[in-house]
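In what follows, a single structure is set out as structure tokens and then discussed.
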Amino acid sequence: MRYCNQCHRITAGEPLYCNFCGSSFGVKLCPARHVNPRNADVCSQCGSRDLSTPAPRLPFWLAPLLYLLSLFPGVILVLLSLLVLIGFVNALATNQQIQTQLLVFLLLLALLWWIYMHIPGFIKSLFRTLWRKSRKNRSQR
């Protein structure tokens, strides 16, 4: 999307011209759409004098402001994520019931990993073979 400084509207996509006022975005374009600098009088590639009128430049102070505004949603999302994480850690630290449930879950998970690590290799390969066959059977249906 591009913002036109001439008519103050937004054009969707990455257009060369504003859909509303016809100004080009930051450059002058000839009818063959060759890109030329803002101060060009003649197209540098085809020599045409029929160049588009570029939209006015952004004021110096507006460019950093627009950049900061584009960062604003991401900053808010990061702050909200940090607040949720802090709340979760606080709940873990203060709620005895959650601590007990988490401890039981972690012990169960550790037990499952220990069992998995001590299963002989031929049983693991048997499970992999069965898993592949069941996936192939599902994809053939």
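Coordinate-derived values only; no laboratory data. Every value quoted in this text rests on a predicted model; they were computed, and no experiment measured them. All Cβ positions, glycine included, derive from the backbone under ideal geometry; neighbour counts span all protein chains shown.
Structure data summary
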quantity	calculated
Among MET117, THR129, LEU68 - extreme Cα towards positive end, dipole of the chain, charges at beta-carbon	THR129
Net lengthening on full extension, TYR116/LEU79 (0.36 nm per residue, minus Cα-Cα)	9.5 nm
DSSP-loop chymotrypsin sites (Phe, Trp or Tyr not before Pro) across segment 22-70, with at most 16 other Cβ within 10 angstrom	PHE60, TRP61
Label selected from (1) 80, 50, 26; (2) 62, 30, 23; (3) 69, 40, 25, the criterion being Cα extents along the principal axes in Å as computed here	(1)
The chain: DSSP helices with Cα axial extent of at least 27 Å and average Kyte-Doolittle hydropathy no lower than 1.0	62-94, 96-118
For LYS28, residues with placed amide H under 5 Å, excluding near neighbours	ASN36, ARG38
